[in-house]
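Remarks on the structure that follows.
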Amino acid sequence: MSTISILTTILSLLSIASAVPFTPSSTDLFLHDFSKRALTCPSSDKTYYTSGTKVFYIGCNVNYAGNDMPSPNGQAAGSLDACMDICAKRSGCVGATWPLNTKKCWLKKSLSTATTKTDVWAGKLQSTSYVQGKGKRGLAYNNGAWTKYFAIAGQASKVSWMVNWYSKSTTADFTAAAHSKLDFVPMLWSNASDLTSVIATNAASAKNVLAFNEPDQCGGGGSCLGTPQQAASYYKKYMQPLSTSTRRLGSPAVTNSLSSSAGLAYLADFLTACSSCTVDFVAIHWYGDASDVSGFKQHVQNAYSVGGGRKVWITEFGCASGTVAQTKDFMRSVLPWLDAQGFVERYAYFGVFNQYQDNWDLISSDGSKLTELGVLYNTM
Ligand SMILES: *[C@@H]1O[C@H](CO)[C@@H](O)[C@H](O)[C@H]1NC(C)=O
């Protein structure tokens with residue numbers, strides 16, 4: 001899996017880079033100004049559009065008949081974006097319809113039941129509040145701005161938590177309101193002094209803390225901590241002091257290598273070497289082919305056995321190979337299964353990115369919305 005190795009190396013560099021507080025430059029703000037995107041159908045169907053502080057839910061071939069606002073109304077608008085912008089600025093406007101043939105913007109004072117109407121595009125004003133989804137599902141991310149799409153009120157998201165391989169979240173960006181709704185889980189990525197020196201402060205209010213990232217792997221995103229016994233000694237020194245009656249600690253997150261010195265074998269030896277440690281749940285990663293649903297399930301079950309009955313967190317998993325369609329099938333098979341297993345506490349698909357592999361990226365390449373996989377992961 002050399003491609004994986006290279007990409008995860010890049011990702012680990014990004015995770016380290018995220019240790020630097022994020023201060024948006026004007027360029028960042030432009031890039032993240034979602035109102036600049038051009039809405040088109042069918043690709044914008046069931047996505048969200050932000051205009052100023054307001055968020056609209058886009059429907060293709062959707063009409064809301066009647067309930068028009070008083071004059072001025074029915075103004076010319078060159079695009080659905082422009083129409084949403086007019087509605088956002090008009091007090092009392094709760095949505096608008098935009099027929100493709102007339103390109104007029106019909107502002108609504110209330111919304112009738114949505115009906116299907118060919119070539120009418122519509123936007124429905126959303127509550128601008130953000131909520132925490134209910135579920136075990138998490139976000140593995142580097143760009144905090146994109147967590148927003150999973151926290152928009154009213155979309156029944158199953159996403160409730162997030163992880164960025166560092167011990168602190170990047171809340172400096174303008175989606176802080178969304179960000180604060182998701183449970184950020186700090187991670188002590190390795191034994192490096194710039195990480196161990198800040199973990200106690202950064203994890204002060206955390207209910208769960210994740211330990212070393214792939215200590216069983218050198219390169220490819222692994223923290224390469226040596227033997228399981230060495231990893232146990234670092235755990236005793238840097239993780240154990242974080243254990244309190246209200247804070248739970250995860251094991252180092254191991255790869256799914258089948259080598260006798262890595263993967264679940266490493267985890268087993270770690271737990272033996274750390275038998276005096278507080279390890280409240282075990283953390284694992286899995287990468288495999290999209291068709292290997294049974295292999296994935298078996299691996300998660302094996303982790304539960306190795307963990308001696310501890311609950312399991314799959315803090316990274318993804319399809320190393322497979323098309324987007326095959327990956328959607330993989331998600332349709334494993335997500336309900338994970339949700340149904342009592343011994344699976346949390347999991348995070350890899351991940352909230354827009355530039356790695358089509359079957360990994362939950363965010364569109366321009367950063368403006370969820371991909372098909374993202375939509376599935378958000379609510380299925
Ligand atoms: C971190 O772990 C590596 C691998 O075991 C070791 O060589 C290094 O000395 C450790 N550093 C600290 C600060 O513990």
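Note on the range 214-265: residues that are hydroxyl-bearing (Ser, Thr, Tyr), within 12 Å of the ligand (Cβ to nearest atom) and more than 25 Å from the chain's Cα centre (by Cα) amount to 5. The set of residues in the range 335-355 that are β-branched (Val, Ile, Thr) and either touching a Ser or Thr at 6+ places or on another chain (Cβ under 9 Å) or crowded, with 23+ Cβ neighbours inside 10 Å (or both) contains only Val352. Within the range 148-191, being modelled with pLDDT of 95 or more, among the hydroxyl-bearing types (Ser, Thr, Tyr) and under 13 Å from the mean Cα position of the chain (by Cα) holds for one residue alone: Ser160. The condition (being closer than 25 Å to Phe317 by Cβ, basic (Lys, Arg) and either within 16 Å of the ligand (Cβ to nearest atom) or surrounded by 23 or more Cβ atoms within 10 Å (Cβ to Cβ) (or both)) is satisfied by just one residue among Lys158, Lys168, Lys181, Lys148: Lys148. Annotation: of all residues in the range 190-213 being under 18 Å from Phe281 (Cβ atoms) and not aliphatic (A, V, I, L, M), the one that is nearest to the ligand (Cβ to nearest atom) is Phe212. For the range 272-295, the candidate set comprises residues that are surrounded by 20 or more Cβ atoms within 10 Å (Cβ to Cβ) and out of contact with any Gly (no Cβ under 6 Å at 6 or more places or on another chain); within that set, the residue that is nearest to Val334 (Cα to Cα) is Trp286. Filtered by the rule that a residue be surrounded by fewer than 22 Cβ atoms within 10 Å (Cβ to Cβ) and within 17 Å of Ser276 (Cβ to Cβ), the range 212-231 gives Gln229, Gln230.
The values are calculated or read from the model by the stated rules, or taken from the named source; none is laboratory data. Bear in mind that the values here come from a model prediction, so they are computed numbers and not experimental data. Heads up, the Cβs are rebuilt from the backbone with ideal geometry, glycines too, and the neighbour counts pull from every protein chain shown.
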